[in-house]
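Novice: Below you will find the structure I want to go over with you.
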Amino acid sequence: MMKQIIDRLREKHELAPDEYRVLLTMQHPQDVEYLICQAREVAQKQFGKGIFLRGLLELSNVCRNDCLYCGIRRSNRNVTRYTLTREQILESCKLGYNVGFRTFVLQGGEWGEERSQWIADIIRDIRQGWPDCAITLSLGEHPRETYALWRDAGADRYLLRHETHNERLYSLLHPHGMTIQHRLQCLDWLKELGYQVGAGIMVGSPFQSLKSIVEDLQYLVAFQPHMIGIGPFIPQHDTPFAHFPAGTVDMTSRLYAILRLALPQALIPSTTAMASLSPDGRLRGILAGANVVMPNLSPEENRAQYSLYDNKASLGAESVQGIKALENELATIGYHIDWSRGDSPTARK
Ligand code: SAM
């Protein structure tokens with residue numbers, strides 16, 4: 001019966017809620033292995049054994065939001081706040097370009113609109129300096145006009161995890177005033193504006209239920225994002241969720257596999273949180289159908305300050321300095337780096 005459900009997901013790209021639930025709870029290792037193998041096969045059919053790279057630039061840990069899970073939340077007084085200068089950002093892009101990166105991801109805490117023009121100017125500088133590169137933003141929720149300003153400046157892609165589609169869970173993870181409705185509105189705007197868009201969740205976040213994960217799967221299938229950002233929740237010691245357990249590599253890999261079968265062409269990173277939880281986390285994500293890795297391109301002295309969660313991996317194969325190590329690691333499972341831009345096959349031209 002498991003095999004039938006998995007085969008149907010591979011063929012039809014969606015399932016009924018109860019069937020997702022079955023895949024999320026199945027216990028027999030052979031069933032899980034079958035799911036993972038099917039997903040790996042589909043990923044290889046779409047993308048071969050090449051893994052796309054994105055150079056991750058953590059622009060700033062200053063944030064106006066107060067998400068309960070996040071180490072750079074506004075009310076955490078124990079973080080030394082930083083914002084990279086324009087020069088540092090461009091210097092990092094230069095370093096990344098010379099190593100071979102063709103996508104830069106500008107991620108950071110959420111700022112007020114007074115900084116939007118500054119970001120637009122930097123996007124323009126990057127676009128001019130490295131015209132053959134893709135520029136991805138991950139800067140949170142903003143008015144439609146701001147997203148349009150950045151798109152006009154040359155941004156191609158936007159990552160905005162919806163975090164959870166379940167209204168009640170969303171309100172348990174976020175402060176009063178943040179709503180899932182507005183998050184989804186932002187995702188719709190981004191799509192309308194022609195960005196390649198990424199949505200996604202944390203796996204194993206406090207209070208998360210199977211029901212809410214099923215709702216997330218249904219939302220992702222309906223929304224059809226170009227990218228899917230999913231990683232395990234990991235507690236950070238200065239947050240209200242410091243004492244909650246982390247999500248697992250197992251469940252996250254299982255979700256990569258389900259989503260690979262549901263959205264065969266999606267770009268799915270094996271996220272830093274996977275590598276942070278376990279030395280083989282990144283490879284297990286890839287073997288379950290992920291096809292992107294995002295090495296850290298931020299100046300080394302700032303990486304520890306971008307402390308979303310404890311024990312974040314930012315060195316070795318998780319960084320621009322460790323590309324050789326990453327290549328070697330991928331080779332152990334017969335994969336290699338694909339140095340192209342790695343646009344979504346479904347992106348609007
Ligand atoms: N401010 C932007 C936003 O809200 O999309 C981008 C930065 S935000 C820190 C990037 C992502 O980090 C969030 O979407 C969230 O899923 C993830 N994150 C934050 N805290 C985390 C934690 N404790 N464990 C795992 N992931 C976490």
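The values are calculated or read from the model by the stated rules, or taken from the named source; none is laboratory data. On a predicted model such as this, the values are computed, not experimentally measured, just so you know. Note that each Cβ is placed from the backbone with ideal geometry, even for glycine, and that neighbours are counted across all protein chains shown. Note: accessible area is taken over every heavy atom of the protein model, side chains too, but ligands, DNA and RNA are not part of it. Shrake-Rupley method; radii C 1.70, N 1.55, O 1.52, S 1.80 Å.
Novice: If the Cβ limit is 8 Å and pairs must be 6+ apart or interchain, which residue in the stretch 134-161 that is modelled with pLDDT under 95 pairs with which residue that is part of a helix (DSSP H, G or I) and acidic (D, E)?
Specialist: Sorted first by the residue in the stretch 134-161, then by its partner, the list stays empty.
Novice: Next question, about the same structure. Which one is most open to solvent (accessible area, probe 1.4 Å) among residues in the stretch 134-149 that are within 16 Å of the ligand (Cβ to nearest atom) and out of contact with any Asp or Glu (no Cβ under 8 Å at 6 or more places or on another chain)?
Specialist: The selected residue is S138.
Novice: Sort through L220, L210, L169 and tell me the only one that's at pLDDT 95 or above and either under 18 Å from the mean Cα position of the chain (by Cα) or basic (K, R) (or both).
Specialist: Answer to the selection: L220.
Novice: Can you confirm whether P269 is within 12 Å of the ligand (Cβ to nearest atom) and closer than 24 Å to G55 by Cα?
Specialist: yes
Novice: Same structure again: Applying the selection to the stretch 9-34, what residues are of a type in the set (A, V, I, L, M) and within 22 Å of the chain's Cα centre (by Cα)?
Specialist: L24
Novice: Given the criteria hydrophobic (A, V, I, L, M, F, W, C) and within 10 Å of the ligand (Cβ to nearest atom), does L68 qualify?
Specialist: Answer is yes for this residue.
Novice: Any idea how many residues of the stretch 96-117 are within 16 Å of the ligand (Cβ to nearest atom) and assigned to a helix (DSSP H, G or I)?
Specialist: Qualifying residue count for the region: 3.
Novice: Something else: Which of the helices (runs of 4 or more DSSP H) found entirely inside the stretch 1-95 contain at least 2 residues meeting this: without any contact (Cβ under 8 Å) to a residue 12 or more places away in the chain and either touching a Gly at 6+ places or on another chain (Cβ under 6 Å) or loosely packed, with under 13 Cβ neighbours inside 10 Å (or both)?
Specialist: Ranges flagged: 2-12, 29-47.
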